Structure formats: C-alpha cells, structure tokens
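Heads up: the structure comes next, in structure tokens.
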Amino acid sequence: MQLSSLKIIITGGAQGMGAAFARHLHAAGASVACGDVAEDKLAELPEGVHRRRLDVSSEADCEDFVAWAHERMGGLNALINNAGILRDGLLVRRDKATGEVKKLGAAEWNAVIGVNLTGATFMVREVVAKMVATDQRPGVIVNMSSVARHGNRGQSNYVSAKAALAANTVTWAREFAAFGVRVGAVAPGMVETPMTQGMNQKARDALVAAIPVGRIGTTDDLWLAVRFVLECDYFNGRTIDVDGGLAM
Ligand SMILES: NC(=O)c1ccc[n+]([C@@H]2O[C@H](COP(=O)([O-])OP(=O)(O)OC[C@H]3O[C@@H](n4cnc5c(N)ncnc54)[C@H](O)[C@@H]3O)[C@@H](O)[C@H]2O)c1
C-alpha cells in the first residue's frame, strides 16, 4: 500500500519507535492516530497527528480507541501494533545476600502478558473487525515482536508474548486473507529508545558488544523494515529480524 493512502493506528505512539514511525508516516502524507498511556508525551507529536489516551490492556479502551480513530481519520486500513513493556526477572533465583529462593511475581508476569500479548491481540481483533464491518480492503497489520522470541534469560514473560505475536502473525495472515488483510511482523534486536535507555548499564554494554554490526539499532533502522511491510503487498505472515546480526 502507498504510505500516503494509509489511515493508520499506532499503539505506544508517544515515544521511542512508535513516535518515530508516526513522524515518518505523517511526513509521507498518511493519516495517523496514536494511542498511548503516556498522555504527556503524546502532546509532543507533530500537529495533525491524531492522539488519545489508550491502555491496550483494557478491552474497552481498545474498542473505544478504534471507533474514535476510524471516525477521526474517515476510515482505517492499517495498524502498527507497537505498545510494549518490560518487567524482567528470572523465573527462579537465589538471593545472593540472604540465600532466599525468589520467584518471578504474578504481577510482573500478568503485566507483560496483559500489554504485549492480550493488548496486542485485542487491537488486531478490533481493527480487523472494523475493516470487515466497513468492507475496507486492502488492510495491513504490523506486529512488533522481538528477537527475544527465540528465548532470553530473565525474560520469560516478554519472550512468551513476543513469540506468540510472531506465531499469531501466521495465524492471522491465514485467517484474514479472505478479508484482504495482510499481517507481518518486525522483530528488533536492541534499539536506542527509552525502553533500552532504562536498562542496567552493564547489561546494555554487554549486549551492544555482542552485536556483529558494532552498534545499537536506531528507530530509523526499524522504520525501513516497518515501511517495507506496509508497502510490499506481497509480504505476508512473516517476521523480519532487524538486529544487526545479534540473534543469528
Ligand atoms: N527497544 C528495543 O530494543 C526493542 C527490542 C525489541 C522489541 N521492542 C519492541 O518494540 C516496541 C516499541 O519499543 P520501544 O523501544 O519504542 O519502547 P518504549 O518503551 O520507548 O515505547 C513503548 C511505548 O508503549 C507505551 N505503552 C506501554 N504500555 C502501554 C499500554 N498499556 N497501552 C498503550 N501504550 C502503552 C509506552 O508508554 C511507550 O510510549 C515494543 O513492543 C517493544 O517490546 C523493542
């Protein structure tokens, strides 16, 4: 699809990759509607980008946001399913100081699954339901997965969500073909955004040192892949790793 023809929702569009994608799409002439829990940061998006609070882990929020975005943009033909959080922790560990056995909390598990998997799934469901109800075709969905989907120490919750998102990219590409909706996924390695800026510096340095191209990724690196999924009408059901070779 041509970028200028897109009427596109971006979840988690207030900062990091979501905000970068919003700026690129807005500059290319697309209609863009960004939703995020961080309302203060939504305000920093360029004028003309539609914006509203959205918590993707709330089913009602997803329903309301999609109806609102459809009305504001006068249609809807694309989604970048980008909102995501981290609550890292080993499933089981022994505390070095006390010797106590510690377990990953249900709160950390549920928060990540709630946003990164259940929320992402609600958004796909609502957007495609709207496309079908309004006879909109073609349509396109881009899911933001991660190379962590192959497995990563200290990220059981995140890995579970991102692996499921890549697997369901196939499921949904098969299910929505009859509606003229393509589904693709992009899986970043390590990208310079507020998410990674919040990481422990030692862990961050070790990870960057392991990237074969020798640097952390930028939001522009990832935009190239997202743009490809949006524009290439022959791309469907697959996940593109954009990781500088980190996970190969
Ligand atoms: N940065 C990386 O290295 C990296 C690597 C692999 C995958 N990813 C994935 O790419 C996507 C974007 O990551 P980023 O680095 O830009 O992250 P980020 O933390 O900078 O931005 C994520 C955005 O999602 C929003 N958000 C969080 N919970 C939400 C909710 N319940 N409802 C709506 N919005 C919510 C946040 O407020 C934030 O604006 C995420 O899905 C992330 O898991 C990032």
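Each reported figure results from applying straightforward, stated rules to the coordinates on display, with no laboratory input. Remember, it's a predicted structure, so these values are computed and weren't measured experimentally. We place every Cβ from the backbone using ideal geometry, glycine too, and count neighbours over all the protein chains shown.
Observations on the model:
- What separates the Cα centres of the range 178-235 and the range 104-175 is a distance of 16 Å.
- Residue separation of Gln201 and Glu175 scaled by 0.36 nm, minus their Cα-Cα distance, works out to 5.1 nm of gained length.
- DSSP-defined antiparallel bridges as percent of all bridges, the range 3-241, nearest 5: 10
- Between 0 and 90 degrees, the angle of helix 59-73 with respect to the longest Cα principal axis of the chain falls at about 40 degrees.
- Remark on Asp243: its backbone amide H falls under 5 Å from those of Gly189, a criterion applied only to residues 5 or more positions apart or on other chains, H modelled at 1.01 Å from N.
- Full extension of the chain between Thr98 and Ala167 yields a length gain of 20.8 nm, computed as 0.36 nm times the residue separation minus the alpha carbon distance.
- In degrees, nearest ten, helix 16-27 long axis to first principal axis of the chain (Cα): 20
- Partner lysines for Lys130 [C-alpha distance under 30 Å; skip if fewer than 8 residues away on the same chain]: Lys7, Lys41, Lys162
- Candidates Val56, Val92, Val66: whichever shows maximal mean-square fluctuation once the chain is modelled as a Gaussian network with Cα springs under 10 Å: Val92
- Angle between the chain longest axis and helix 120-133 axis [Cα atoms, degrees, rounded to 10]: 10
- Counting neighbouring beta carbons within 10 Å and listing from fewest to most, the residues Met1, Met123 come out as Met1, Met123.
- Cβ-defined net charge surrounding Gly245, 14 Å radius [Lys, Arg +1; Asp, Glu -1]: -2
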